[in-house]
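Peer 1: Pasting a structure below so you can have a look.
Quick note: the coordinates plus some simple rules give every number you see, no bench work behind them. Just so it is clear, the structure is predicted and the values come from calculations on it, not from any experiment. Positions of Cβ are generated from backbone atoms using ideal geometry, with glycine treated the same way; all protein chains shown enter the neighbour counts.
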Amino acid sequence: MHKKYKIGYTCGVFDLFHIGHLNLLERCKSMCDILIVGICDDNYVRNIKHKEPVFSEQERQRILNAIEVVDAAYLVDIDTTNDKMLALNMFHFDVLFSGDDWKGTERYNKTEKDFAELGVSIEYLPYTKGISTSQIKDELKR
């Protein structure tokens, strides 16, 4: 079966890996031949998200690389996470998969424009309702 895209890229923290993460990755892989996942490094989680990761960056990378629908998972720094043009130059994808909460934001409107000039698409995907790493952490505190 011919897929819509050759190389897809998505990026996230993927801490406390859960069904929402798997749903996202399966959706991404259904649209591309090769799925590359950027894993936000511990520095990003601590300094941008202001959270302490439960699993280290190496553990999260190992988990993602073991998942069948992921072709390769790489640690990415703050700059590469925030600037999708840096990610594009690094991974040479033809589609970026992103959460639909980013659609219409100033940052992503600019990224869409920059990508369009290069023939690169952005597919916005919905989050799985009722599950998130933050929610799991809250549940565990009870």
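Peer 1: Tell me, in nm to one decimal, what length is gained between ARG107 and ASN82 on full extension, where the rule is 0.36 nm per residue of separation less the Cα-Cα distance?
Peer 2: 8.1 nm
Peer 1: Give me the dipole magnitude in Debye, nearest 20, for the chain about the Cα centre, with unit charges on the beta carbon: positive for Lys and Arg, negative for Asp and Glu.
Peer 2: It works out to roughly 360 debye.
Peer 1: If amide hydrogens are placed 1.01 Å from N in the peptide plane, which non-local residues have theirs closer than 5 Å to the one on ALA73?
Peer 2: VAL37
Peer 1: Please identify every one of the GluC sites (Glu not before Pro) in the stretch 6-107 that sits in a loop by DSSP and has no more than 12 other beta carbons within 10 Å of its own beta carbon.
Peer 2: GLU68
Peer 1: I've got another one for you. Please list the radius of gyration and Dmax for the stretch 36-118, considering alpha-carbon atoms only, with Å as the unit.
Peer 2: 13.6, 39
Peer 1: Mind checking which lysines have their C-alpha under 21 Å from LYS29, skipping anything on the same chain fewer than 8 residues away?
Peer 2: Candidates past the 8-residue exclusion: LYS3, LYS4, LYS6, LYS84, LYS103, LYS129.
Peer 1: Right, next: ASN23: net charge of surrounding residues, Cβ under 15 Å, Lys/Arg +1, Asp/Glu -1, itself excluded?
Peer 2: The answer is -1.
Peer 1: How many percent of all Cα-Cα pairs in the chain sit more than 17 Å apart? Kindly include the intermediate steps, with their values, before the conclusion.
Peer 2: Working: 6095 of 10011 pairs.
Result: 61 percent of Cα pairs exceed 17 Å.
Peer 1: Only bridges with both residues in the chain count here: give the DSSP antiparallel percent, nearest 5. The partial results should precede the final answer.
Peer 2: Details: 0 of 19 bridges.
Restricted to the chain, the bridges split so that about 0 percent are antiparallel.
Peer 1: Convert each backbone phi in the stretch 92-105 into a coupling constant with the Karplus relation 6.51 cos²θ - 1.76 cosθ + 1.60 (shift: θ = phi - 60°), then list the ³J(HN,Hα) values in order as whole Hz, x for Gly and Pro.
Peer 2: 6, 7, 10, 8, 9, 9, 9, x, 5, 6, 8, 4, x, 6
Peer 1: Compute the acute angle (0 to 90°) between the alpha-carbon long axis of helix 19-29 and the principal axis of greatest extent of the alpha-carbon atoms of the chain; round to the nearest 10°.
Peer 2: Tilt relative to the chain: about 20 degrees.
Peer 1: Continuing with the same structure: Let me have the relative contact order for the chain, percent, based on Cα pairs under 8 Å that are six or more residues apart.
Peer 2: 28 percent
Peer 1: With θ taken as phi - 60° and the coefficients 6.51, -1.76 and 1.60, list the Karplus ³J(HN,Hα) couplings across the stretch 79-90 in order, rounded to whole Hz; mark glycine and proline as x.
Peer 2: 4, 5, 5, 7, 10, 5, 5, 5, 4, 4, 5, 7
Peer 1: In degrees from 0 to 90, rounded to the nearest 10, what is the angle of the helix 106-118 Cα long axis to the longest principal axis of the chain?
Peer 2: With rounding to tens, the tilt is 40 degrees.
Peer 1: Would you kindly derive the ³J(HN,Hα) couplings of the stretch 32-46 from the backbone phi angles with the Karplus curve 6.51 cos²θ - 1.76 cosθ + 1.60 (θ = phi - 60°), listing them in order in whole Hz, with x for Gly and Pro?
Peer 2: So the Karplus estimates, Gly and Pro as x, are 9, 6, 10, 10, 9, 10, x, 10, 4, 6, 4, 4, 4, 4, 6 Hz.
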